[in-house]
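Have a look at the structure below, then the notes.
Quick note: the coordinates plus some simple rules give every number you see, no bench work behind them. Owing to the predicted nature of the structure, the values given are computational and were not obtained by experimental measurement. Heads up, the Cβs are rebuilt from the backbone with ideal geometry, glycines too, and the neighbour counts pull from every protein chain shown.
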Amino acid sequence: MKLSCKTAIYLILTIIVSCFSGAAFAKTTLTALTVWNEENYQTRGLQLMAKRVSELTGGELELRVEFGGTLGYKGPELLRAVGDGQLDIAEMVATNVAGDAPVLGLRTLPMMMADWEEVALFDKLAKPYYDAVCEKRNQHLLVISPWPFGGLWANKEVKALADMKGLKLRAYDRNGALFATAVGAQGLNVPYAEAYTGLATGLIDSVITSSISVREGRFYEVCKFHMPIAFATATSITTINKASWEKLTAEQQEALETASAEAQEFLWEEVKKVVAENDQFCYDNGVTLVPVSTEFHDELVKASESVAKDWLESNKDAKDAIALYNEFMDSKKK
């Protein structure tokens, strides 16, 4: 009888310990999506976030990173997909989802930022506005990450505003077309996939993009001069669904914030490395670097004022975007 009692007590204790042990090691897995391929530095940043949050939580919180077209989502769908809870986490290019929030498209106004220092200033000022966008759309902001500046790639040297006159410039959006008009060029809407042929046949003779796209599209074979005018730089934001965020423990939330901050720091350093590597590849393959003088840069900034004016007027109801623009422009002067 005593043996039976001891056995029963042992079994009960075993069950209790097992239950507590299972609870202690319960794992939460969230899906994190980026539409870029595995080699893209934005994908690698998301993978770093996943690795670090797993390390920081001892495996209690895992991010399953999906990339490319594996889940069938496209860039413009991601803000709503996260907000609706279809996805836990997603990295998205802000301008692609700016139809839902114009303030997310402000950063790509031409010639608004001259260097990475000004980009960092803009992002710092923009964060409260992006936080508000995310809050309104049922999500929490984790990362703001930069894309490269667009440079001017042409089949002739361009050293002054006068040299822009008559250029047949690929313009992929309204701002680009207005910029082309403002500088005396002809803006032509040519899809990226057709840009190489356009450059080779003379349909266009210049593009504004980063060396990453120049390398991927092999534009360096048909476009031999690079003027790093710092036209504009897009941004990505990485967000998490609000319900997914609130289901995490305080410790898991802290770990995810820490991992996100480390991923953001990595992405800031990595974009500069990637740009430098791709710039050099283009130079090694026949492209000539044409430095941009202060005078030429100032001419482009002045010409671009009309583009900013048009954008602000078109988005006059987006008070947050206008407030951020004014705050940034004032801060640059200080």
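Taking a ≥ b ≥ c as the square roots of the Cα gyration tensor eigenvalues, with a/c under 1.5 meaning rounded and otherwise prolate when a/b beats b/c, else oblate, which class fits segment 72-143?
Here segment 72-143 falls in the prolate category.
For every other residue with a beta carbon closer than 14 angstrom to the beta carbon of Tyr41, add +1 if it is Lys or Arg and -1 if Asp or Glu, then tell me the sum.
-4
Loop only by DSSP, 16 or fewer other Cβ within 10 Å of the Cβ. Give me the trypsin sites (Lys or Arg not before Pro) in segment 38-93 that pass, ordered by residue number.
Sparse-neighbourhood loop trypsin sites (Lys or Arg not before Pro): Lys74.
So who's got an amide H within less than 5 Å of the one on Lys168, skipping anything under 5 residues away but keeping other chains? H placed 1.01 Å off N, in plane.
It is Gln186, Asp205, Ser206, by chain and number.
What whole-number distance in Å separates the alpha-carbon centres of segment 176-216 and segment 271-306?
Comparing the Cα centres of segment 176-216 and segment 271-306, I get a distance of 15 Å.
On a 0 to 90 degree scale, rounded to 10, what angle separates helix 41-56 from the longest Cα axis of the chain?
20
Return the sequence-ordered ³J(HN,Hα) values of segment 166-179 in whole Hz as given by the Karplus equation 6.51 cos²θ - 1.76 cosθ + 1.60 applied to θ = phi - 60°, using x for Gly and Pro.
Coupling constants for segment 166-179: x, 4, 9, 9, 5, 10, 8, 8, 4, 4, x, 5, 5, 4 Hz.
What is the sum of charges around Ala177, taking Lys and Arg as +1, Asp and Glu as -1, for the other residues whose C-beta is under 13 Å from the C-beta of Ala177?
Value of the local net charge: +1.
Once a ≥ b ≥ c are taken as the square roots of the eigenvalues of the Cα gyration tensor of segment 234-334, is the result rounded (a/c under 1.5), prolate (a/b larger than b/c) or oblate (a/b not larger than b/c)?
Verdict is oblate for segment 234-334.
Taking only Cα atoms, what is the 0 to 90° angle, nearest 10, from helix 294-314's long axis to the longest principal axis of the chain?
60
Give me, ordered by chain and number, the residues 5 or more places off Leu142 or on other chains with an amide H under 5 Å from its own placed amide H.
Thr238, Thr239, Ile240
Round to the nearest 10 and give me the degree value, 0 to 90, for the angle of helix 116-136's Cα axis relative to the longest principal axis of the chain.
Tilt relative to the chain: about 50 degrees.
Counting other beta carbons within 10 Å of each Cβ, put Ser210, Ser54 in order, fewest first.
Neighbour counts put them in this order, fewest first: Ser54, Ser210.
Of all alpha-carbon pairs in the chain, indicate the percentage at a distance above 27 angstrom.
Of all Cα-Cα pairs in the chain, 52 percent lie more than 27 Å apart.
In a shell of Cβ-Cβ distance under 14 Å around Leu121, excluding Leu121 itself, what net charge do Lys and Arg (+1) and Asp and Glu (-1) give?
Taking every other residue near Leu121 into account, the sum is 0.
With θ set to phi - 60° and the Karplus curve 6.51 cos²θ - 1.76 cosθ + 1.60, what are the ³J(HN,Hα) couplings of segment 58-68 in order, to the nearest whole Hz, using x for Gly and Pro?
Result, rounded to whole Hz: x, x, 6, 10, 10, 10, 8, 7, 10, 9, x.
Tell me which residues come under 5 Å, amide H to amide H, from Thr31 once H is placed; ignore anything under 5 positions away on its chain.
Residues meeting the criterion, in which the H sits 1.01 Å from N, are Arg64, Asp88, Ile89.
Could you list, in their original order, any pairs among Lys165/Lys302; Lys136/Lys316; Lys272/Lys334 whose Cα atoms are separated by more than 24 Å?
Lys272/Lys334
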